[in-house]
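Student: Handing you a structure now.
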Amino acid sequence: MRIITGSARGTQLQTLEGEATRPTAERVKEAIFSALQFDLEGVTFLDLFSGSGQMGLEAVSRGASLAVMIDAAPEAIEIIKANAKKTRLFDRCRIVNYQYQDYLKGFAKSGSAPFDIIYIDPPFTKHMHGEVLKRLAASGAADTHTRILVESEDTELFSDAPSAASLYEITKTSKYGRIYVSWLTLKEEAEG
């Protein structure tokens, strides 16, 4: 696993051993960042289930001004910090050891501006995409201008929280082997 391009191009990244995390495949990451390549300069990027930090670090390597990387596992946080230091991008990263729902609840109270791009890749086995998107809509971390990318094993993003489907428009879905990446925007009436 490595940074594909930008200021940290070619830097090899560490990942957690075992099944606790499932890093985004290189092919999927490359396709996502190829689609975003002209829209990364100066943006803020949120990675809610960061694992190794590779998505946020790739964004910063390519010009994002800030990547906020959230993970609930202390071991993952240590890996993310090590990777951020190794890539020399640490100063443009905020690395937070939180459950995603606690982070979003805190964001709602913070008064901070919404993120430009949000990447969501929760554990597939937990079938929680809809719940995550529901909480995201209520948090203020996204607005109608935020690009939201969701990695999943199928196109049924809202099966665990059907009411959340009315909050979003799915603008594109791409398939890479058994992985789907859905591009969403928050509907105007769902903001905040």
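The values are calculated or read from the model by the stated rules, or taken from the named source; none is laboratory data. Only a predicted model underlies this, so the values are computations on that prediction, with no experimental measurement involved. Note that we place each Cβ from the backbone using ideal geometry, even for glycine, and neighbour counts take in every protein chain shown. All accessible areas refer to the heavy atoms of the entire protein, side chains included, with ligands and DNA or RNA removed. Shrake-Rupley method; radii C 1.70, N 1.55, O 1.52, S 1.80 Å.
Student: Out of all the residues in segment 158-183, which are within 21 Å of Lys105 (Cα to Cα) and in contact with a strand residue (DSSP E or B) (Cβ under 9 Å, 6 or more places away or on another chain)?
Tutor: If the condition is that a residue be within 21 Å of Lys105 (Cα to Cα) and in contact with a strand residue (DSSP E or B) (Cβ under 9 Å, 6 or more places away or on another chain), then Phe158, Leu167, Tyr168 are the ones that fit.
Student: Show the residue pairs that are 6+ apart or on different chains and have beta-carbon atoms under 6 Å apart, the first residue being within segment 36-60 and farther than 19 Å from Ser182 by Cα and open to solvent by 10 Å² or more (accessible area, probe 1.4 Å), the second being hydroxyl-bearing (Ser, Thr, Tyr) and modelled with pLDDT of 95 or more.
Tutor: Gly42/Ser65
Student: Could you check segment 144-187 and list, in sequence order, the residues that are over 18 Å from the mean Cα position of the chain (by Cα), open to solvent by 50 Å² or more (accessible area, probe 1.4 Å) and over 20 Å from Lys29 (Cβ atoms)?
Tutor: Listed by number, the residues that qualify are Glu156, Ser159, Asp160, Pro162, Ser163, Ser166, Lys187.
Student: Further, regarding this structure: For the structure I just gave you, tell me whether Lys109 is within 25 Å of Tyr168 (Cβ to Cβ), part of a helix (DSSP H, G or I), among the charged types (D, E, K, R) and open to solvent by 20 Å² or more (accessible area, probe 1.4 Å). Lay out the reasoning, then the answer.
Tutor: On the way: within 25 Å of Tyr168 (Cβ to Cβ): yes; part of a helix (DSSP H, G or I): yes; among the charged types (D, E, K, R): yes; open to solvent by 20 Å² or more (accessible area, probe 1.4 Å): yes.
Considered against the rule, which asks whether it is within 25 Å of Tyr168 (Cβ to Cβ), part of a helix (DSSP H, G or I), among the charged types (D, E, K, R) and open to solvent by 20 Å² or more (accessible area, probe 1.4 Å), Lys109 comes out as yes.
Student: Right, next: I'd like to know if segment 74-86 contains one or more residues that are within 27 Å of Ala137 (Cβ to Cβ) and not in a helix (DSSP H, G or I). Before you say what the answer is, go through the steps one by one.
Tutor: Residues of segment 74-86 that are within 27 Å of Ala137 (Cβ to Cβ), as a first pass: 76-77, 80.
Within this subset, residues satisfying the condition of being not in a helix (DSSP H, G or I) are none.
Checked segment 74-86: no residue is within 27 Å of Ala137 (Cβ to Cβ) and not in a helix (DSSP H, G or I).
Student: Check off (1) modelled with pLDDT of 95 or more; (2) assigned to a helix (DSSP H, G or I); (3) open to solvent by less than 20 Å² (accessible area, probe 1.4 Å) for Lys29 and give me the number that stays unchecked.
Tutor: With respect to (1) modelled with pLDDT of 95 or more; (2) assigned to a helix (DSSP H, G or I); (3) open to solvent by less than 20 Å² (accessible area, probe 1.4 Å), Lys29 is out only on (1).
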